[in-house]
Protein chains: 4
Amino acid sequence: MVPGRGVDEVMTKAQSHVNGVLPGEEGLSGKELRRQERFLAILEAAGEAFSTKGYHRSTMEDVALRAGVAVGTVYLYFPGKEALFVSLLDHLAQQLLGAVVEARSRVQGVLAKLGASIAQAVRVFAANRSQARIVLIEAVGASPAIDEKLASIHTLLAELVERDLREAVEEGLIPGQDLDISSKALVGTCYEVILGHLRDGRPASLEGSVPALLDLVFRAIGAANRRDPQ
Amino acid sequence: MVPGRGVDEVMTKAQSHVNGVLPGEEGLSGKELRRQERFLAILEAAGEAFSTKGYHRSTMEDVALRAGVAVGTVYLYFPGKEALFVSLLDHLAQQLLGAVVEARSRVQGVLAKLGASIAQAVRVFAANRSQARIVLIEAVGASPAIDEKLASIHTLLAELVERDLREAVEEGLIPGQDLDISSKALVGTCYEVILGHLRDGRPASLEGSVPALLDLVFRAIGAANRRDPQ
Amino acid sequence: MVPGRGVDEVMTKAQSHVNGVLPGEEGLSGKELRRQERFLAILEAAGEAFSTKGYHRSTMEDVALRAGVAVGTVYLYFPGKEALFVSLLDHLAQQLLGAVVEARSRVQGVLAKLGASIAQAVRVFAANRSQARIVLIEAVGASPAIDEKLASIHTLLAELVERDLREAVEEGLIPGQDLDISSKALVGTCYEVILGHLRDGRPASLEGSVPALLDLVFRAIGAANRRDPQ
Amino acid sequence: MVPGRGVDEVMTKAQSHVNGVLPGEEGLSGKELRRQERFLAILEAAGEAFSTKGYHRSTMEDVALRAGVAVGTVYLYFPGKEALFVSLLDHLAQQLLGAVVEARSRVQGVLAKLGASIAQAVRVFAANRSQARIVLIEAVGASPAIDEKLASIHTLLAELVERDLREAVEEGLIPGQDLDISSKALVGTCYEVILGHLRDGRPASLEGSVPALLDLVFRAIGAANRRDPQ
DNA sequence: GATGAATGAGACTTCATTCAT
DNA sequence: GATGAATGAAGTCTCATTCAT
C-alpha cells in the first residue's frame, strides 16, 4: 500500500484541470510568452485591487492601472470582472495546492501528510495576507458565480482531507468517525484561525500557532499522538 | 463555584447592550408599537432580500417592496443601506444569543453548557437558512462597516467559547491547551459545517450531524466523554 | 406743490397692497392672534433657514423646526415652499418700505427724501445681514415665481427712485437725464455696495460708507451739492 | 507714463490664470482637438440648460442631451454638476475679459479705456442674454462654491474699475473720492441696467442706453465731460 | 387645527462594458 | 492587439407634499 497516493493523485489532477488558464510554460513563442506575462500581470493586479478595496469597491480601471494596461486590454484576457475574479481564485487555489502537494511529498505516512498539508496551508496564507483576504473574505458572497467557485474550492479541500482521513481510518491510525463532519471541521478550523489572524493584524503570530493547531486537529480526529504519527 | 456563570453573564450583557434597536417591548404606546412593527417588518424584509439576492444585488427598493412600504420610509428607520445591514446583523446576533442562553439554562455543568450552546447554534441556523446565509455569506466582505460588525460577532462567539473552555480547564474537565486556538477551532468548525449544509441544500440533515459534531468537538478539546462530560 | 408726495403715496399703497398676508393688527380675536403669531414665527423661521443655508438647501423641516411647529403646520399657513419664500420676500419688502417711508417723513425736499431713502435702505440691510442675504442672494434665481417677485421689488424700488428724480427734474434741482438709467443706477449701486459688505463680512463698515455713497449718488444725478440739495 | 497699463496687465494676467480649462489652442493633436471640442460643447450645453431652466432645475441629463453626449461623458470632462457650473462661469468671465481687453486697446487714455470697458461689458451681455442670465441670475446663491466663484468675478471687476479710477485720480482727471464705493457703484450700475434689460425683454434697447449710461457714470465719478475725457 | 409618518418621483453619480482608432 | 473615451443602465438617497390620527 502506498500511503497518501489517493490524495496526491487527486490534487495533481485538480491542479491541472482547474480551467486551463495556465497552459503550461514550456514551448511558448514570443507572442504567447508576452500574453502569458500580461495574463499574470492582470491577475496579480486584480489580486492587489480586490484584496485592498474588496471586489465590489474595485473597478476594472483600478485593476488595469495596477497592471499597467488599458481597461480594454483586461477584456482581451478575461470576459468580464466576474470571470476575472473566478480566474484569480483558480490561480490562488492552484498555488495553494501546489505548495501543499510539495509539502506532502516531503513526509511519509497519511497523518504526517495530512499534518503537513494543514501546516503548509496555514503558512501560505500567513505569508500572504492578500491572498488570504481574497479567498476568505472578498470572494465570499461576491456573486453567484464566484460563490460557486469558492464552494468548489472548499469542497475540494474538504474532499482531500476526507480522503486522508479515510485512508487513516483504513490503516487503523484513527478511529472510525463521521468523515464528512471531521473533514469540514478541519477546514473550518483552519479557516477561522487564519481569519482571526487577518483581523488582528498580528504579523507573524500565525506561524507560532501551527503546533497548537496541529495538536488540536490530531486530538479531534482521534490520532494517538501527533508527534509520532507514523 | 457556579459552573457556567461567567459566560452567561457576559451573554446576557452582550444581548442587552447590542445597540438599543429594540427598546424593550413593554409599555408601548400605539405609535411606538406601530414604529416597532415597521422597524421589524423592514428588518425582516431586508433579511429576505439580502439572503435571496445578496447585499450588493439587493436594492433599497427590493427591501421596501418586501416590507410593503415606500423607499423613503426605509430611510425613516435606518440612515442607509449599510446601517440597515448592520442592524440586521445585530438583530440576528441577538436572536442567536437569546436561543443559546436559553439552551444553556437547561443543562448543568460547563461542558454540558458548551455542548448545548454549540448544538443550539447549529440548530438555529439549520432552522433558518436565510439567517445563516446572511451571517455566513452575504455579510462577509460586504463593506468595511459590515465587516467590522461581523468581526465583532465572531469575536464575541469565540470569547464565549473561550470562557467556557477556561472554566473547564480550571475545573480539570479538560487538559490545558491553547484556548485561543481551541475556541476559534470550535467556531470555525460550526461555521464550516453549517456552510456545507447551506451549499448542499440537504434539508434537515444538519440536525442529524449534531451528535457527530459534538463528539468531534469534545474529542478536540480533550474531554473524556461527552455523554457524561461532568 | 408738496415735494415728495408722489412717492410717498405710492409707497403707502405698495405697502398695503403687497398681498394681504398681514391683515392688519387691530381687532383680532384670540384665535386670529394666535394665527398671526404662528404666521410670523414661520416667516421668521424661513428667513433664518433661507439666509443660513440658502433656499434650495433648506428643507421644510428646517423651517418647521426653527418655527417650533410641525411640518404639516407650515402647509396650513403657506401653500408650499415657493409661496413661503414669496411671502417672506413680501414681508421683508414691507419692512424695508416702512422704514424708508418713516425716514422720508423726517426730512423736507425731494432730494433730501431721496437721500434719506437710500441711506435708510442701506442701513436696514446693514443692520440685518440675514435679510440682505435673502433679498440680494438667496432669492435670485431661486425659482421663476420667486424671481418674478424679486423683479417686482426691484421694479418698485426703481420706480420710486424714478419718481423722486422726475420730481427733482421738474423742480429744476437736477438736470434732465435718462431717468430709467439713473434710477436703475441708484438701485444697482446700493445693491452692489451692500453685497460687497455681505461678502467681506466687515461688521459696521457699511454705516460709514453712507456719506460717500450719497455724495456719489448726488454727483451722478447732477445735484449741485448734497449737503444743501434744496 | 503709459495710461491704462496697470489695468490691462492685470486683466491679461487674470485672463490667463483663470484655471487652465482652456489650455491654449495651438498645436493640438487630433485627440486633444476632439477633447477640446467636446469640452466646449458640454460647456455650451450647460450654458443653454442653466440659462433656460436655472441651475437647480437643470439636470445633468439636460446638459448631456443638449451636448449630444451620454450622461457619463459629462463626468469625463467635469467632476460634477457644481464644478461644471464653476467652469462655465470661468469660461464666461474669460470671454468677457477678452472682449474688454480688446475694446480697451482701441482707445487711448484712462477714462476712455474705462468707458470702453463699461460699454463693451454691457454690449457683450446685451448680445448674449443667456450669458447674462447665467452670470447675473442663475449663479447667484446656487451653491457655496459657485457663490465663491461669482464673488471672485465681482471682486475682479470691481478691482479693475478701481485701478482705472485710481489712475484717473492720479492724473487729475477726476477728483479724489472713495474709490471702493465708486468702483462698486459702477459695477452695480451696469449689473442693474443689464438686469433690467433681461427682465423687460426689450431686444436691442440696451445698446441704445449705453450713451446715457456712460454720461451718468462719468458724472458720478466727477469726470468733466465724457465726450472729450482725455 | 396640529402633527409627523409616509410617500415616491427624481437627481446625481458610478462603473462594467463596448468599439472606433 | 491595445487603447481609453464613450456609453447608459442602475442605485442610493433626498425632500416637498399629503393625510390619517
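What the table shows:
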{"item": "Failed condition for B:Ala185, given (1) closer than 17 Å to A:Asp178 by Cα; (2) small (Gly, Ala, Ser); (3) facing another protein chain (nearest Cβ under 7 Å)", "result": "(1)"}
{"item": "Any hit, segment D:118-132, residues being polar (S, T, N, Q), farther than 30 Å from D:Glu170 by Cα, within 16 Å of DNA strand E (Cβ to nearest atom) and part of a helix (DSSP H, G or I)", "result": "no"}
{"item": "Test set (1) part of a helix (DSSP H, G or I); (2) surrounded by fewer than 19 Cβ atoms within 10 Å (Cβ to Cβ) - C:Ser183 fails condition number", "result": "(2)"}
{"item": "Members of segment B:136-158 found to be open to solvent by 20 Å² or more (accessible area, probe 1.4 Å) and touching an Asp or Glu at 6+ places or on another chain (Cβ under 6 Å), listed by number", "result": "B:Ala145"}
{"item": "Yes/no for B:Tyr77 being out of contact with any Leu (no Cβ under 6 Å at 6 or more places or on another chain), more than 22 Å from B:Arg133 (Cβ to Cβ), within 16 Å of DNA strand E (Cβ to nearest atom) and modelled with pLDDT of 95 or more", "result": "yes"}
{"item": "Close pairs (6 angstrom Cβ cut-off, 6 or more residues apart or separate chains): closer than 22 Å to A:Asp147 by Cβ in segment A:44-71, among the acidic types (Asp, Glu) and near DNA strand E (Cβ under 8 Å from one of its atoms) anywhere", "result": "A:Ala49/A:Asp62"}
{"item": "Hits in segment B:143-172 (condition: without any contact (Cβ under 8 Å) to a residue 12 or more places away in the chain and either away from chain A (no Cβ under 12 Å) or aliphatic (A, V, I, L, M) (or both))", "result": "B:Ala151, B:Val169, B:Glu170, B:Gly172"}
{"item": "Every residue from segment B:72-127 that is among the polar types (S, T, N, Q) and within 16 Å of DNA strand F (Cβ to nearest atom)", "result": "B:Thr73, B:Ser87"}
{"item": "Checklist (1) within 10 Å of chain B (Cβ to nearest Cβ); (2) closer than 30 Å to B:Ala145 by Cβ; (3) surrounded by fewer than 20 Cβ atoms within 10 Å (Cβ to Cβ); (4) touching a residue at least 40 places away in the same chain (Cβ under 8 Å) applied to A:Val193, failing item", "result": "(3)"}
{"item": "Residues of segment D:124-142 that turn out to be of a type in the set (Lys, Arg) and more than 9 Å from every other protein chain (Cβ to nearest Cβ), as a count", "result": "1"}
{"item": "Flag for B:Gly188 being more than 15 Å from the chain's Cα centre (by Cα) and under 21 Å from A:Ile134 (Cα atoms)", "result": "no"}
{"item": "Flag for A:Arg34 being at pLDDT below 95, within 16 Å of DNA strand E (Cβ to nearest atom), over 26 Å from A:Arg123 (Cβ atoms) and out of contact with any strand residue (DSSP E or B) (no Cβ under 6 Å at 6 or more places or on another chain)", "result": "no"}
{"item": "In segment C:101-113, the residues that are part of a helix (DSSP H, G or I) and either without any contact (Cβ under 8 Å) to a residue 60 or more places away in the chain or open to solvent by 10 Å² or more (accessible area, probe 1.4 Å) (or both)", "result": "C:Val101, C:Glu102, C:Ala103, C:Ser105, C:Ala112, C:Lys113"}
{"item": "Enumeration of residues in segment D:57-71 that are open to solvent by 10 Å² or more (accessible area, probe 1.4 Å) and within 13 Å of DNA strand F (Cβ to nearest atom)", "result": "D:Arg57, D:Thr59, D:Met60, D:Glu61, D:Leu65, D:Arg66, D:Ala67, D:Gly68, D:Val69, D:Ala70, D:Val71"}
{"item": "Check on A:Val86, assigned to a helix (DSSP H, G or I), among the β-branched types (Val, Ile, Thr), crowded, with 20+ Cβ neighbours inside 10 Å and more than 8 Å from DNA strand E (Cβ to nearest atom)", "result": "yes"}
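So that you can scan it fast, the table gives a plain yes or no per residue for (1) buried (at least 21 other Cβ atoms within 10 Å of the Cβ); (2) assigned to a loop (DSSP other than H, G, I, E, B):
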position	(1), (2)
A:Glu37	no, no
A:Ala46	yes, no
A:Ala49	yes, no
A:Tyr55	yes, yes
A:Leu76	no, no
A:Gly98	no, no
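The values are calculated or read from the model by the stated rules, or taken from the named source; none is laboratory data. Predicted model, so just to flag it, every value in this text is computed and none were measured. Because the Cβ atoms are built from the backbone with ideal geometry, glycine has one as well, and the counts that use them run over all protein chains shown. Ligands, DNA and RNA are stripped out before the accessible areas are found, and what is left, the full protein with its side chains, is counted by its heavy atoms. Shrake-Rupley method; radii C 1.70, N 1.55, O 1.52, S 1.80 Å.
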